[in-house]
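Below you'll find the structure, written out as structure tokens, and then a few comments.
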Amino acid sequence: MRKKRSTLFVVGATLFFIFSTASVLLAEKPRMQKTGFLVLAPDRGFLGNQEIKTLFDEFKKDYSAALALVGSNYNGVESEYSVYITDAIKTLKDEGARDIVVLPLFLSAENPVLKKLMPHLPAYATGARLRWAAPLSESHLTAQVLLDRVSEKSKNPEQEHVVILGMGVMDEAGEAALRTDLEKLAAYVHRYRSFKSIEIGIYYHRRADAALKEKKNKAVDDLVIRSAAKKGQVIAVPFFIGPKFDNRMSMTHWLSNKFKAYDLDFVGREIMPHPNLLRWLKKTANVYLTPASAQVGVVIMPHGATQPYNDVIERVIEPLQNRYRIEMAYGMGDPELIQQAVSRLESEGVRRIVFVRMYSLSGQMKPLTDYILGLTNDPPHAHHTGDAPPAQIRSAVLFSSFGGYEEDPEIAQILHERIGAISRKPADETVILVAHGAGDDEANTRWLARMEGHAARLRRMSEPAFRAIKTATVREDWPEKREAAVMQLKEMIEAGKRDGRVLLISNRLYGSGPYERFLEEVGLKKGTHYEMNAQGFAPHPVITRWLENGIEGALRDFEREALKTAATRVLK
């Protein structure tokens, strides 16, 4: 009986420990709070607020959100605008949100209304975590709005002057901050349009110090008038979210009348309305949300070429089609094809996309496609010489990107099989891995180093051993460097031929490109001087696994990034 009681005690104690430990572990795990979005927007008057509400209603179809309008006479928690903020936050809380992200529909963080509101907002959101997203000026989507507005009037940029008109500052510090924001946006425009000049004028807020306002606003008027007198066409662009009580009682209409006597083209539309504002709201919100599996897609960019090449790529990808929502964008970073692929996925509800550069090395096409996708604001180096850079994606999607299948050590397994398909007596055979190569000497050296890594693995895998395993690139797209590279390959083949057979293995994704033709041009013929396996890497399960592993890694990164922002405790 004593033994039975002892056993029951041990079992009970063990269960108590297990459940207590589990409770502690569960208690320590960050609780996932529902995230809601508070869209703060300026009170623009009847027609302007209709534009804002139309934009907000589209956003709210897919996101937990509430709208609060705030006017320039906001003066704290007792302000007449407090009721809108209180109601908006209550709406979010009633929907279960305890993590509230503020989306400021303002061009600049230095907007005087926004600056007055920011220190008071926590008082409205007791019991919730409150975070601020960056304003519009931080996004390339906003720069695209400015580019579109200027392009509406531009016909011959080299003969045109642009004046960008900002508005709403209270003092010189605010003016300097807004000017910095507008200069960044203007620099974006200048990448795509080589205007004779781009200047910025900033009107002061009506509540600013009267003497300072008069002085500064006159300086802007003088800038516009002076520009109109210059040789060449002048385009004046109002770039703000200003008052708009009706079509005539609006700041933009008032400015157009102000300068109608002068020889200039006045853009009759300000920042709103524009499709990029909805994209901005969604893209900014997506940063704070963990995507459902149905909200994640994949865009794969192989080089591609003829139909047989493309068919082989499709065979590589086919096993993944049931697991992922995949679109193809064949080519060398074609922004239009990438945009189409992204838009197809986005129309199906995708919010995050894994973009795959299906190229040999991870650095290939990365600067170009990172810029197109908006992962960097720096144009690729090739476009620093005066040519306009490629268009950037217009999308609310968040992107992750990877590439470089030759950096997978398992590539050696494919090469081993390709060698085995044509080898007869390894001890008498010289194997040469032949790749495309790069124009830049350092990049070409890195490529050869990667190939040498595979060659080292092949030497360890080969039993019996080959007489030699070597590597070469032909640098095929750069005639001035190709000649020397092909001659070096010729010397390697001739040296190997003196002592036995030479096996060339195509070290590329598909086929063998121009290798046979290049060698014929220097007097070497396939079947006489060398044998070649011209298949390339694909199709092969190793390439499919490389894709799958890269996609899965990107998905884990998406989840980790979202958990960092979403899994937080409620602030009391």
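Identify, from the list 165, 185, the residue that is assigned to a helix (DSSP H, G or I), in contact (Cβ under 8 Å) with a residue 24 or more places away in the chain and buried (at least 21 other Cβ atoms within 10 Å of the Cβ). Please lay out each step first, then the result.
Numbers: 165 fails: assigned to a helix (DSSP H, G or I).
Exactly one of 165, 185 is assigned to a helix (DSSP H, G or I), in contact (Cβ under 8 Å) with a residue 24 or more places away in the chain and buried (at least 21 other Cβ atoms within 10 Å of the Cβ), namely 185.
Yes or no: residue 311 in the same structural domain as residue 395 (by TED's automatic domain parsing) and in contact with a Pro (Cβ under 9 Å, 6 or more places away or on another chain)?
Working: in the same structural domain as residue 395 (by TED's automatic domain parsing): yes; in contact with a Pro (Cβ under 9 Å, 6 or more places away or on another chain): no.
It is false that residue 311 is in the same structural domain as residue 395 (by TED's automatic domain parsing) and in contact with a Pro (Cβ under 9 Å, 6 or more places away or on another chain).
Residue 498 meets each of the listed conditions (1) free of Cβ contacts under 8 Å to residues at least 40 places away in the same chain; (2) in contact with a helix residue (DSSP H, G or I) (Cβ under 6 Å, 6 or more places away or on another chain) apart from (2).
Would you confirm whether or not the stretch 336-358 contains a residue that is at pLDDT 95 or above, closer than 27 Å to residue 452 by Cβ and in a loop (DSSP other than H, G, I, E, B)? Give the steps one after another, and end with the answer.
We begin by selecting, within the stretch 336-358, every residue at pLDDT 95 or above; these are 336-358.
Subsequent filtering for residues that are closer than 27 Å to residue 452 by Cβ retains 356-358.
Applying the additional criterion that residues be in a loop (DSSP other than H, G, I, E, B) yields none.
Scanning the stretch 336-358 turns up no residue that is at pLDDT 95 or above, closer than 27 Å to residue 452 by Cβ and in a loop (DSSP other than H, G, I, E, B).
The set of residues from the stretch 122-137 being modelled with pLDDT of 95 or more and part of a helix (DSSP H, G or I) comprises 136, 137. Annotation note: of 365, 358, the sole residue that is hydrophobic (A, V, I, L, M, F, W, C), in contact with a Lys or Arg (Cβ under 8 Å, 6 or more places away or on another chain) and over 19 Å from residue 276 (Cα atoms) is 365. For the stretch 62-101, the candidate set comprises residues that are at pLDDT 90 or above and β-branched (Val, Ile, Thr); within that set, the residue that is nearest to residue 176 (Cα to Cα) is 70. Looking only at the stretch 451-487, how many residues end up being surrounded by fewer than 18 Cβ atoms within 10 Å (Cβ to Cβ) and more than 27 Å from residue 500 (Cβ to Cβ)? Here the count works out to 5.
In the stretch 111-130, the condition of being of a type in the set (D, E, K, R), touching a strand residue (DSSP E or B) at 6+ places or on another chain (Cβ under 6 Å) and assigned by TED's automatic domain parsing to the domain that holds residue 218 is met by no residue. Among the conditions (1) over 13 Å from residue 182 (Cβ atoms); (2) surrounded by fewer than 23 Cβ atoms within 10 Å (Cβ to Cβ), residue 104 misses just one, which is (2). Could you please let me know if residue 469 is touching a Lys or Arg at 6+ places or on another chain (Cβ under 8 Å), at pLDDT 95 or above and under 21 Å from residue 543 (Cβ atoms)? No; evaluated as a whole, the condition is false for this residue.
In a helix (DSSP H, G or I), among the aliphatic types (A, V, I, L, M) and in contact with a helix residue (DSSP H, G or I) (Cβ under 9 Å, 6 or more places away or on another chain), is that true of residue 551? Full working, then the answer.
Values: in a helix (DSSP H, G or I): yes; among the aliphatic types (A, V, I, L, M): yes; in contact with a helix residue (DSSP H, G or I) (Cβ under 9 Å, 6 or more places away or on another chain): yes.
So residue 551 fits the description; yes.
None of 430, 473, 445 is farther than 28 Å from residue 554 by Cα, out of contact with any strand residue (DSSP E or B) (no Cβ under 9 Å at 6 or more places or on another chain) and among the hydroxyl-bearing types (Ser, Thr, Tyr) except 445.
Note on the stretch 206-303: enclosed helices (runs of 4 or more DSSP H) holding 2 or more residues that are surrounded by 14 or more Cβ atoms within 10 Å (Cβ to Cβ), of a type in the set (A, V, I, L, M) and modelled with pLDDT under 95 are 210-228, 251-258. Do we find a residue being modelled with pLDDT of 95 or more, surrounded by 14 or more Cβ atoms within 10 Å (Cβ to Cβ) and not small (Gly, Ala, Ser) anywhere in the stretch 553-572? Checked against the condition, which is being modelled with pLDDT of 95 or more, surrounded by 14 or more Cβ atoms within 10 Å (Cβ to Cβ) and not small (Gly, Ala, Ser), the stretch 553-572 yields no hits at all. Against the criterion of being more than 19 Å from residue 250 (Cβ to Cβ) and in a loop (DSSP other than H, G, I, E, B), residue 101 does not qualify.
Each row is one residue, and each column tells you yes or no for (1) touching a residue at least 40 places away in the same chain (Cβ under 8 Å); (2) within 17 Å of the chain's Cα centre (by Cα).
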site	(1), (2)
311	no, no
327	no, yes
337	no, yes
343	yes, yes
381	no, no
401	yes, yes
408	yes, no
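Looking across the stretch 304-319, the residues that are more than 20 Å from residue 362 (Cβ to Cβ) and either in a helix (DSSP H, G or I) or touching a helix residue (DSSP H, G or I) at 6+ places or on another chain (Cβ under 9 Å) (or both) come down to 307, 308, 309, 310, 311, 312, 314, 315, 318, 319. Within the stretch 406-445, being surrounded by fewer than 14 Cβ atoms within 10 Å (Cβ to Cβ) and of a type in the set (Lys, Arg) holds for 424, 425.
The values are calculated or read from the model by the stated rules, or taken from the named source; none is laboratory data. These numbers come from a predicted model, not from an experiment. Backbone-built Cβ (ideal geometry, glycine too); neighbour counts: all protein chains shown.
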